[in-house]
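Enquirer: Encoded as structure tokens, here's the structure I'll be asking about.
The values are calculated or read from the model by the stated rules, or taken from the named source; none is laboratory data. Note that the structure is a prediction, hence the values are computed from the model and not measured. Don't worry about glycine lacking a Cβ; one is built from the backbone with ideal geometry, like all the others, and counts go over all protein chains shown.
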Amino acid sequence: MKAYSFRIITTALLVAALAGCAGVSAANPAADTTAQAARKNNFAAKKTMRAFRSEQELKSYLKELAEKMKRESRRAAGGYGGAMLSMESTAAPAPAKVAVASAAEADSVTNVQVAGVDEGGIVKVHGNHLVMLRRGRLFTVAIGDGALEPVSAVDAYAPDVDPSGTWYDEMLVSGDTIAVIGYSYSRGGTEVNLFQIDAAGMLSYKSTYHLRSNDYYSSRNYASRLIGDKLIFYSPLYINPGMEDPYQSFPAVRKWHKGATASEFRRIVSATRIYRPERPISAGYGTALHTVTICDLARGEFDCKATSVLGPPGRVFYVSQESVYVWVNDWAQSGTQWRAQSIVYRMPLDGSSPSALNVSGSPVDQFSFLESEDGHLNVLVRSDTAGDGMWSAEVAAGDVALMRVPLASFSHGHDTAPPSSYYKLPRPAGYTFQNRFVGDYLLYGTGSGWGYPQKTGQANLYAVRWAEGRSYQLSLRHGVDRIEQLGNDALVVGTDGNDLHFTALRLHPTASPSFPQRTRNGWGPQRARGGDPGLGRSPEVADEYVRKDASQGELRSQGFFYKPDGPNSGLLGLPISRAGRAGYTHLVEGSAAILFLKNDSLHFQEMGELGAGPKVALNDGCRASCVDWYGNARPLFLHGRYIALLGYELVEGTIEEGQIHEMRRVSYAPGSVQALGR
């Protein structure tokens, strides 16, 4: 529990550190019609960042950087501030189609942000088996031929390792290889454990590797992605250029064995794979090697290559189908003022050289990004945020703007996105900022998040046509705690302090006038401010379902899942819990049930729930990851079956006359698995 306490302590420190920060305001994006015509697959940077030519050049650079850091540390700290960028609106063409995540994939049980980019999670599918990662163990349950039967269980770490002080939180499956990703405070780095799974669902341990890194944890983001057979990690590594041997903290890997020592780490990033922007790095608040490691799991081994970029420590990262974007931010003194200095790096997954662009502000989390098919990077930024490390995303504040730049504007790192690349957006009241790109729109608002439910009778949601910069305001009867995609439209989930609301947004109303429709709460579609109701072109509230005396049981994006069964219909599931429960309690309390709603042209019908069994005392002998950092409940839709993952239980339901009823349940808790893995 020491590591968990460390995470709690850093929250208080982070809030204190951000309390005095004020930031930049941004201006409106002037769209470049020529750049919009460029396709992302034809993108070629004018110039790329320069890697160090030799170890000697890198050593000299670090020495100069150490001297610079000493000089900057002597300066008196002043108030943070920033220059106001001018605002000007210009028109832009209609947006191109966007590649969005599809929940219709037959074997998908993960609510991913980007189609084709899997995210590390707590439950995956391998053939006819579910694979679960819970409290430091891996489990498999057979689901083939209508079965629901525990098969195998193993520790999620090496047989000869002490797992204390290590968190095993993410899992990905590639072929017959399972990769469990964790962070070890005791061994100081990212830990990757590889397991074999066979056709019968039996698990066997293969090997463990340690990657030297700093803590990558986020309250929202995931550390790992999988594209095909390529396992992708992002990790920051803070360096001290003034050390006698700064290379001791550079990215490195070792294969674990009993008695392994620090001397066995093998450096995996040479000077010629470390890049720096042309613009000098402030280094006033430290320097980090932001490292992307790509491991080919096609042969079931750990064949990895890494690329690093130098930059300040604050960060948010986002993975598209072609690139990893890392947005870093720092503060630099200019006279008596402090100004935010941010850089966004584009690191292609094909191993080619990174490129960079100097920017303003900082995104809140990975959902602030969209690499769109029209050859642009679109990012929602706020002026007072330090990225998404640990709980930083939960205390983001300041002005709001949408940055939209052509991918072709990325270069060696000397160029800066012009003020015309920013569109100043309305600043919402409240805290715990949520944002998401859904189709042609960027949606954002504020809610309760990890805190206690905030009582509210009305809150605002903002919808922005990201290719045009046109924004709309909708009034909701609840806060904004979750934004999800429903086909071409959207769902917003939030609390009014006691009840849980599900609000459907029609993002593309027909061109005919809107006529009131009676809904469960007696009010009809509401047009967004800023649109023309007569033309029917602005987003509108289509329907609302209210679950009385309830709260969200999971805060993570993967807690939700939507399974479409037609262009305008489908089934959604979300863990729920008791009313008034603070968000953070999902770390130690299970969800009460999975609630299922039927979506029929953005009108919701409750289909019932699959609930957790009565709580019984269970000593599972947990030795690692004994707090559910990534949650413990998921709705699972598999081959026409409806299954609720609730802690150590799997509950299967059947639908009769429009309602879901429990059909059976099984426990896969330690001791209930008959056939243990090897």
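Enquirer: Residue by residue through the stretch 582-615, note down the ones that are part of a loop (DSSP other than H, G, I, E, B), in contact with a strand residue (DSSP E or B) (Cβ under 6 Å, 6 or more places away or on another chain) and within 24 Å of Val541 (Cβ to Cβ).
Expert: Leu602
Enquirer: Of all residues in the stretch 34-64, count the ones that are modelled with pLDDT of 50 or more, of a type in the set (A, V, I, L, M) and surrounded by fewer than 18 Cβ atoms within 10 Å (Cβ to Cβ).
Expert: 1
Enquirer: Which of the residues belonging to the stretch 535-549 are of a type in the set (A, V, I, L, M), surrounded by fewer than 22 Cβ atoms within 10 Å (Cβ to Cβ) and outside any loop (DSSP other than H, G, I, E, B)? Reasoning before the result, please.
Expert: Initially, the stretch 535-549 is screened for residues of a type in the set (A, V, I, L, M), giving 535, 541-542, 546.
With the extra rule that they be surrounded by fewer than 22 Cβ atoms within 10 Å (Cβ to Cβ), the set shrinks to 535, 546.
Val546, the sole residue that qualifies.
Enquirer: Further question on the same structure: Determine whether the stretch 616-633 contains at least one residue that is part of a strand (DSSP E or B) and within 26 Å of the chain's Cα centre (by Cα). Let's see the steps before the verdict.
Expert: Just the residues of the stretch 616-633 that are part of a strand (DSSP E or B), to begin with: 633.
Next, from what is left, pick out any that are within 26 Å of the chain's Cα centre (by Cα): 633.
Yes, because at least one residue in the stretch 616-633 is part of a strand (DSSP E or B) and within 26 Å of the chain's Cα centre (by Cα).
Enquirer: Something else about it: Of all residues being polar (S, T, N, Q) and either surrounded by fewer than 21 Cβ atoms within 10 Å (Cβ to Cβ) or at pLDDT 95 or above (or both) in the stretch 145-173, which is farthest from Ala252 (Cα to Cα)? Just the residue, please. Explain how you work it out, then say what you get.
Expert: From the stretch 145-173, those polar (S, T, N, Q) are 152, 164, 166; that's our starting set.
Applying the additional criterion that residues be either surrounded by fewer than 21 Cβ atoms within 10 Å (Cβ to Cβ) or at pLDDT 95 or above (or both) yields 152, 164.
Numbers: Ser152: 33, Ser164: 22 Å.
Per the stated criteria, the residue is Ser152.
Enquirer: Does Val400 meet the test of being closer than 21 Å to Ile483 by Cα, surrounded by fewer than 24 Cβ atoms within 10 Å (Cβ to Cβ) and touching a residue at least 24 places away in the same chain (Cβ under 8 Å)? Full working, then the answer.
Expert: Working: closer than 21 Å to Ile483 by Cα: yes; surrounded by fewer than 24 Cβ atoms within 10 Å (Cβ to Cβ): no; touching a residue at least 24 places away in the same chain (Cβ under 8 Å): yes.
No: the conditions fail for Val400.
Enquirer: Turning to a different aspect of this structure: Could you check, for the stretch 390-398, whether at least one of its residues is under 16 Å from Val324 (Cβ atoms) and not hydroxyl-bearing (Ser, Thr, Tyr)?
Expert: Just the residues of the stretch 390-398 that are under 16 Å from Val324 (Cβ atoms), to begin with: none.
The answer is no; no qualifying residue exists.
Enquirer: Gly430 passes all but one of (1) in contact (Cβ under 8 Å) with a residue 40 or more places away in the chain; (2) more than 19 Å from Arg477 (Cβ to Cβ); which number fails?
Expert: Only one criterion is unmet by Gly430, namely (2).
Enquirer: Can you spot a residue in the stretch 563-572 that is within 24 Å of the chain's Cα centre (by Cα) and either crowded, with 22+ Cβ neighbours inside 10 Å or among the hydrophobic types (A, V, I, L, M, F, W, C) (or both)?
Expert: Among the residues of the stretch 563-572, at least one is within 24 Å of the chain's Cα centre (by Cα) and either crowded, with 22+ Cβ neighbours inside 10 Å or among the hydrophobic types (A, V, I, L, M, F, W, C) (or both), which makes the answer yes.
Enquirer: Separate question: If you go through the stretch 195-230 one residue at a time, how many are buried (at least 19 other Cβ atoms within 10 Å of the Cβ) and of a type in the set (A, V, I, L, M)?
Expert: 5
Enquirer: Only residues that are β-branched (Val, Ile, Thr) and surrounded by 24 or more Cβ atoms within 10 Å (Cβ to Cβ): list them for the stretch 447-476, please.
Expert: Step one: list which residues in the stretch 447-476 are β-branched (Val, Ile, Thr), which gives 456, 464.
Hit for the stretch 447-476 is Val464, nothing else.
Enquirer: Scanning the stretch 363-385 for residues that are buried (at least 24 other Cβ atoms within 10 Å of the Cβ) and in contact with a Gly (Cβ under 6 Å, 6 or more places away or on another chain), which turns out farthest from Cys295 (Cα to Cα)?
Expert: Result: Ser383.
Enquirer: Every residue in the stretch 454-491 that is part of a loop (DSSP other than H, G, I, E, B) and under 22 Å from the mean Cα position of the chain (by Cα), please. Walk me through it before giving the result.
Expert: Taking the stretch 454-491 and keeping what is part of a loop (DSSP other than H, G, I, E, B), we get 454-458, 466-469, 477-481, 487-488.
Selection gives Trp466, Gly479, Val480, Asp481, Gly487, Asn488.
Enquirer: Another question, if that's okay. For the stretch 247-275, name all the residues that are under 13 Å from Thr291 (Cα atoms) and part of a loop (DSSP other than H, G, I, E, B).
Expert: Phe250, Pro251, Ile268, Val269, Ser270
Enquirer: Moving on to the next point. Please verify whether the stretch 642-663 includes one or more residues that are polar (S, T, N, Q), at pLDDT below 90 and more than 24 Å from Asp481 (Cβ to Cβ). Reasoning before the result, please.
Expert: We begin by selecting, within the stretch 642-663, every residue polar (S, T, N, Q); these are 654, 659.
If we keep only those that are at pLDDT below 90 too, we end up with none.
Checked against the condition, which is being polar (S, T, N, Q), at pLDDT below 90 and more than 24 Å from Asp481 (Cβ to Cβ), the stretch 642-663 yields no hits at all.
Enquirer: When you scan the stretch 93-125, how many residues do you find that are in contact with a Phe, Trp or Tyr (Cβ under 6 Å, 6 or more places away or on another chain) and either modelled with pLDDT under 90 or in a loop (DSSP other than H, G, I, E, B) (or both)?
Expert: 4
Enquirer: So which residues in the stretch 433-452 are among the aromatic types (Phe, Trp, Tyr) and at pLDDT 95 or above?
Expert: Here is the first cut: in the stretch 433-452, the ones among the aromatic types (Phe, Trp, Tyr) are 433, 437, 441, 444, 450, 452.
Matches in the stretch 433-452: Phe437, Tyr441, Tyr444.
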